[in-house]
Structure formats: structure tokens, C-alpha cells
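The values are calculated or read from the model by the stated rules, or taken from the named source; none is laboratory data. Model, not experiment: these values are computed from the prediction. Ideal geometry is used to build each Cβ from the backbone, glycine not excepted, and the neighbour counts take in all protein chains shown.
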Amino acid sequence: MLFKEELQEIIKLTSNTLEAFTTALFLVKEERIILVAHHSLSPHMRHPISLKLEDGGILTLALDKDSFVLDGLDKKRYEIPYYSSPEDIKAFMAARVGEGKGILCVDSKRQYRFTEKHQKLLIHFSHFIDTILEKARDLRPKLINSGKYLAVTSMLQHLHPPSPTGEQLQEGFSKVMQDMGVEEAMVLCQGREGFKVALSYGSLSTEYLDRPLPIKGTPWQKVIEKGTPYVHKGKEKAPFIMGIGEARFPSIIIAPLERIPGYLGLASRKEQDLSIEVLDLVNILAKLLEPSLEKAQASSEQPPFPRFVEDLEKAVEKVSRGENALLLVACKVKNLEDLDKKMGVFQTEKLLRILEEEFAQSLEGRVCLFRGNILVGYKVHRDIKFLEASGKAMEKNLPLIPPLNGTKAEVKVTWEVIPPSKKKGAEEVIQNLIKGLNQGKGLFRI
């Protein structure tokens, strides 16, 4: 079968990206559903599989829809026909390949539901597979020679470590772009100072790493705001970085990021090299990059914890000398993982920012975000009752933070007041603070 190895790599990539228990590609041939490629953690996966359409069950149902999701399978009577023995599957999702050519399906033992974002990503993979099947004979020599489908393997190897560092992400991105055979590539993300290059490949994009790039009034603004990809191909060359420099390319693709304001852009000097046929590959690449970009962006914008500890140490010394009392407060978002799954890291970060603003306002700005989901802060005052009232008010009001996009954060607040002249050295307070944050013991029990 043409592209058999490439299809298998796409299945592996789909499985890893969606953290599926099983991913399987079925094609329809002569009124039968046939397993073509799969990646499974189950010892009970059946293969080969060839089923009559009327015997396909859940697979036949999925063939009639562009995308198909079943949640709570452990409570519903649906049999998954590709297992020889029952598995504790909680959710199933499928996307149709072409007009009835087949289906790409995934299931999960971990997740009770697949989100709309999961569906969109699976549809991108199914479109990519359809491109291969539809134009296999014409595309194979051209795309294999240009390295486009080699990039599928490259993505799997270089862009799916559990928690890549910034250097690992940049290195992986460069290797994938090299395998794709492009001259220039960049990921542009919005930060506090505007849109900046987060990842780069090639001399042009690397040149602009440390400066905001103009977006307003350019075609890229529509890509970011409307989520509409931009594809340029032909003899007439177009600029890759709008409003800067004279570098123009005959082949450009700009794909929007979904959860972060920004885009992934690729440019080639070969005419029509980055055609519409590889757009789904670029969309998949953009989706693969987003979780790591979100974490890197959130991490880079957090206040430094050491500086907070240094300031707290000075405040505790004043308490020991009898000059002030000290209110210490910690606030934890308990359902951070659920928020990430429902809203994405970028929206969760937005909710944390809202919480941080409320927290900082109560403590006159003496606040630090620690370990991603815990806010810590302090306030100094001579009046112990005033500090106790402040602590009680924060404990009552912070959990009432309004939901974001219908999703509510579960907020836990704890506090303690250290009176003036209390024989607690700065070192002891800081040790208790860090111990409480790391272990949930000591001063802060959250």
C-alpha cells in the first residue's frame, strides 16, 4: 500500500498527541471496514480486522458523521469491535476520512470526555490522511523528495517530550523544519511587549528574536484574530515578515495557534513547495507546539521567587524587633489540572492573573506566584486585629472569584499573623513557608 509507513507514523503521532489508549485507522473497501494501521497499549487489540459494514457497530455509526464522540463508555452499552476482550474504555472519538473512505478513531482509559479541541485536532489528522490517500500516486515522489512526510517522524521524535525546556523545544523545532526542507520558519506569540518570535529557524526570523514585530494592518492580523490560515504560492513573491526587510518568498504558509494569540509561519524559496496539500501537516505541527509554548510563556512571566523571599526576610526582621506585625497568606488553585484540560493553559493563566490581581490588591503588591498554582504574600502593620481582619476577608472573598468562560476555580486560602516581637527568626518563617508550599505542612496547610 502506498504511504503505508507514513500512515503508521501519523497513527503513532495521533496516539501520542491525544494520549490515546488505542488509535486505529479503518478504510472502507467493498462494503467492508478494514483495519489499515493502529497503535495500541492493549494486549487484546485484534488484527487483522475486516468487518461487514452492518457488523461494524460503533465504527459504522462513526462513518455517518464528520466527527463522533461518545463519553462515559463505562456506563453505556457500546461494544468496541477492535478488542478481543473487554477493556475499561471511558471515551471514544472518531473523525471521518474523506467522504466515506474510512474513519480515524481514538479511545481513552484516562479521560471521561474528549473536548472540542481534541475533536479539531483529530479532524486535522484525518484530513492529512485523506490528502495522502487522495493524491498518493502524484504526491509521493514530490513530497518524499522534499522531506514533508519525513517531518511526521521528526515531530514524533523531537516535539513530544513530557516537559521540554526552551532549549529542547527550539532544538526540536529546528530539526523538524530542517526535515521539512524550508528556508525560514517562526512561531510568533503575544507577550507583554507585543508579538515576539518564540521559536525560529533560518537567518531571517532569528534576526528579529528580541524585538516586537508589527501585526496590525497586516494579513497576519486576520490569521491570528479570525483563525484563518494563509497560503501563498506562485511566481509572485510575498514578504514573510510584514513591514520589515525586503526578503520575499514564492511559497508561504501561516497557520494560527488556537490557545495562544500567535501563529506558526513557514517560507520556502521553491515555488509551490508549501502548497495547500501540506496545510494540515502545518496545522498539526502548530497544535503540537502549543502546550509547550503555553508552559514556557507562563513560566517566563512569573515573578521571581528568590526576590520575594528576600523581601519577606526583611519584613520578618522588623517583626522580631517589635516594629510591626506580619500577615502571611497563601492561596492555592486546587483544580488546576481540570482547568488546563477544560480551558487550556493560556486561559487558565488568564484566570490566575485575575486571582493574582485580587490577591495583590489586598496585600499591597507583596505577592509571588509559586509553582504555577499557589500565590503567597504578606502584609505588615502594627495593628494585629487589622491584619487578622484582612486575613479573614481574603479567606472569605478570594474563593468567590467569578468563573471564566463558565469554568470556576476551586480556591483555598490560609493565613497566619505573627505579632510584634515574636521570637521567630526570618530563617524559620521562610523555611516554614517553603515547607508548607512544597509539602502542605507547617505554616501553610493547603
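Consider residue 223 carefully, then state whether it is at pLDDT 80 or above and crowded, with 22+ Cβ neighbours inside 10 Å. Yes, satisfied. Name the single residue, out of those in region 235-253 being assigned to a loop (DSSP other than H, G, I, E, B) and under 31 Å from the mean Cα position of the chain (by Cα), that is modelled with the lowest pLDDT. Among those that are assigned to a loop (DSSP other than H, G, I, E, B) and under 31 Å from the mean Cα position of the chain (by Cα), it is 243.
Confirm whether residue 123 is at pLDDT 85 or above, outside the structural domain of residue 260 (by TED's automatic domain parsing), farther than 30 Å from residue 337 by Cβ and outside any loop (DSSP other than H, G, I, E, B). For residue 123, the condition - at pLDDT 85 or above, outside the structural domain of residue 260 (by TED's automatic domain parsing), farther than 30 Å from residue 337 by Cβ and outside any loop (DSSP other than H, G, I, E, B) - is not met. Against the conditions (1) under 29 Å from the mean Cα position of the chain (by Cα); (2) surrounded by 14 or more Cβ atoms within 10 Å (Cβ to Cβ); (3) under 20 Å from residue 88 (Cβ atoms); (4) of a type outside the set (Gly, Ala, Ser), residue 46 satisfies every one except (1). Close Cβ contacts (under 9 Å, 6 or more residues apart or on different chains) running from residues in region 212-239 that are in the same structural domain as residue 197 (by TED's automatic domain parsing) to residues that are among the basic types (Lys, Arg) and assigned to a strand (DSSP E or B) comprise 212/196; 213/196; 236/248; 237/248; 238/248; 239/248. Among residues belonging to region 173-198 that are in contact (Cβ under 8 Å) with a residue 24 or more places away in the chain and within 18 Å of the chain's Cα centre (by Cα), point out the one that is surrounded by the fewest Cβ atoms within 10 Å (Cβ to Cβ). So the residue we want is 191. Of all the listed residues (130, 179), the sole one being within 27 Å of residue 270 (Cα to Cα), out of contact with any Asp or Glu (no Cβ under 7 Å at 6 or more places or on another chain) and at pLDDT below 80 is 179. Among the criteria (1) farther than 21 Å from residue 176 by Cα; (2) under 24 Å from the mean Cα position of the chain (by Cα); (3) crowded, with 19+ Cβ neighbours inside 10 Å, the one residue 41 does not fulfil is (3). Screening the candidates 416, 427, 410 for the property of being at pLDDT below 90, acidic (Asp, Glu) and farther than 30 Å from residue 348 by Cα yields one hit, 427. When the helices (runs of 4 or more DSSP H) confined to region 308-405 are screened for residues that are modelled with pLDDT of 80 or more, crowded, with 16+ Cβ neighbours inside 10 Å and under 30 Å from the mean Cα position of the chain (by Cα), those reaching at least 1 such residues are found at 345-362.
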